[in-house]
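What follows draws every value from the coordinates through simple rules; no lab data is involved. Everything numeric in this text was worked out from a predicted model, so none of it was measured. Because the Cβ atoms are built from the backbone with ideal geometry, glycine has one as well, and the counts that use them run over all protein chains shown.
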Amino acid sequence: MAVMLATGLWGLDRGGMWGDESVTFQVAQRTVPQIWRLLHDVDAVHGLYYLFLHAVLAVHPGEVVLRLPSVCAATATAGLVAALGVRLAGPRVGLWAGVLYAITPMTGHYAQEGRSYALVAAGAAGATLLLLRAVDGAGARAWWPYGTVAALTCVLHELALPVLGAHAVTLALLRVPGRVWSGWGRAAGAVALLLLPLAWVSLGQSGQVAWLESPGWDRVERLARNFSPGRAGPVFWGALLLMAVGLRERRTAAVALPLLLVPPGILMTVSQVRPLYHDRYVLYALAGASLLVAAGAGRVARALGRVRFDGRRLRVGGRQVRAVVGVTGVLALTAVFLNQLPVHRQDRSAAHRRDNLAVVSALAVRQMRPGDPVLFVPSVGRLAALAYPKGFRRARDIALRESAPRSGTLWGLEATPGELRRRLASVERVWVVAERSALDPRWLPPDPVERTKLAVLEKEFTVREEHVRDDVVLRLHVRREPAEVPPGVSEVPPGAATTARLPAGRPAAPRARPRPARW
């Protein structure tokens, strides 16, 4: 836990939030009625998390405070993974499993993100530990804590529900008696019933994950590398070898292997029909990998610890050999962490997270004058102004009709195409904040408001300045000079037929999707 806490706090203040974090930040600062109204239309899957962060940010609204719950949750998860290892295979395996979980780069990544995934991982690990307590004869009352923790975990993010499937496989592998199945069945059924209303509401909001694609074998390989303490080289292959050895530890494997394989397997299978899979949705399965690697290392250590050299004869029970094995384990964990140190450092860089909204705000502060109109393309770009309002305080959002909190949306309601044309007709210059992909001439947005933005900018304005940072473009557009028409010549000959054409430089192309809000 100390290792995880230190790793989580290291570089926590990156100096910028990315898109999903900014959603958490600005939604959690709304009033409870405003959050409740938002959940009716979008992000119901994150409702409990937003309400929790509402209380946290009431203490102090800041980026570090936003991420502290994830750091604490990851710290708790490392302790719970260690406790699982102790219960299943002894203190040494528990220690190694907890440390392996703490130093894995994927753990550190989500420990420093203002989203719910680290909290879900803590809940899943806690529910797994409570499951073992109930199986080991803690009595019928033990199912109440298990059901409560499992329910809270699934309400935090409903895609944690496959952890119940992993627990069912664990019970089958452990060959538990019927009374255990009965207690678990009642608890799991209660969790499923509690989750039904949330699942029904979020089903109607599934357009938020329309950007997901069906995973292939490449995603399986990437997940395997993310779950390893080393993503490539000897550390990765060594971890796989130790996991294979760890399968010989039957009780540990009965818990760790289903936790590792069942949740990703369920989501990947479902995603062949309706894409719902992303690596972060199964972060809680990483605990299974750490337990298996530690169990394999423990089995190897026990085999070596039973050996001692006494002259030329090989005998059993050498304490010095066991001490050497213990020191070797510590050195091995240190070497693994040092091997992944560049990955950890890169992950703590603000540039490593895409769409750093602090950079957008800093550009706006330096370039915009008081009263300048600003146009966000697409409208999701308004998240920069919501997360960092200081940079846009002097500007005028020319497309905004109703603010995000008042409208019950993530980034506000914009004017109709006709009203937007009238507003743009009244200005001589406008700053455009856009994603680089949105300015691609081949992008044909389905939203009529977004099409109007691009059409008016192309027809009536020209670019005078451009500033680019990462995937964000800040452009100053000024109105074109009117073309002079020779006397006596009309701009359109009488009776001439007009034909709708694509603007020059914008050939027909497959429609690209704008980046939606992500779960």
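Some observations on this one:
- Taking amide H as placed 1.01 Å from N in the peptide plane, the amide H of Phe461 sits under 5 Å from that of Arg480, each at least 5 places away or on another chain.
- Between Arg469 and Leu474, the built amide H atoms are under 5 Å apart, and every one of these is 5 or more places off in sequence or on another chain.
- Farthest towards the positive end of the charge dipole of region 2-351, among the residues Ala44, Leu203, Ala256, is the Cα of Ala256, using unit charges on the Cβ of Lys, Arg, Asp and Glu.
- Derived scalar couplings between HN and Hα for region 383-396 equal 4, 4, 6, 6, 7, 10, x, 4, x, 10, 5, 8, 8, 10 Hz in order, rounded to whole Hz, by the Karplus curve 6.51 cos²θ - 1.76 cosθ + 1.60 (θ = phi - 60°), x for Gly and Pro.
- Among His40, His46, His344, a tally of other beta-carbon atoms within 10 Å of each Cβ gives an order, fewest to most, of His40, His344, His46.
- Distance-filtered residues of region 350-386 - backbone nitrogen under 17 Å, label point 7 angstrom along Val427 Cα→Cβ: 361, 363-386
- Protection proxy ranking, highest mean first, for peptides 206-214, 424-432: 424-432, 206-214, where packing is the per-residue count of other beta-carbon atoms within 10 Å, averaged.
- As a proxy for reagent exposure, Cys72, Cys154 were ordered by neighbouring Cβ count within 10 angstrom, fewest first; the result is Cys72, Cys154.
- By the helix-only formula, in which each DSSP H run with n ≥ 4 contributes -39500 (n - 2.57) and the sum is divided by residues, the chain has a 222 nm mean residue ellipticity of -18000 deg cm²/dmol.
- Among Glu460, Glu221, Glu63, sorting on how many other beta-carbon atoms sit within 10 Å of each Cβ, with the fewest leading, yields Glu221, Glu460, Glu63.
- Computed about the Cα centre, the dipole magnitude for the chain is approximately 1900 debye when only Lys and Arg (+1) and Asp and Glu (-1) carry charge, each at its Cβ.
- Residue (of Ala89, Ile398, Thr7) at the positive-pole extreme of the chain, dipole from beta-carbon charges: Ala89
- Region 147-176 and region 219-291: distance between their alpha carbon centers, rounded to Å: 16 Å
- Global form of region 357-479, assessed from the alpha-carbon gyration tensor, a/c cut-off 1.5: rounded
- Once backbone amide H atoms are built at 1.01 Å from N, Ser271 has Leu276 as its partners under 5 Å, excluding neighbours fewer than 5 places away on the same chain.
- Contact order, relative form, for the chain: 16 percent (alpha carbon pairs under 8 Å, 6 or more residues apart, mean separation divided by residue count).
- 3J(HN,Hα) couplings calculated from phi for region 374-382 with the Karplus curve 6.51 cos²θ - 1.76 cosθ + 1.60 (θ = phi - 60°) are, in sequence order, 10, 10, 9, 10, x, 5, 4, x, 5 Hz; Gly and Pro show x.
- Couplings 3J(HN,Hα) for region 285-293, derived from phi with the Karplus relation 6.51 cos²θ - 1.76 cosθ + 1.60 (θ = phi - 60°), are 6, 4, 4, x, 5, 4, 5, 5, 4 Hz, where x marks Gly and Pro.
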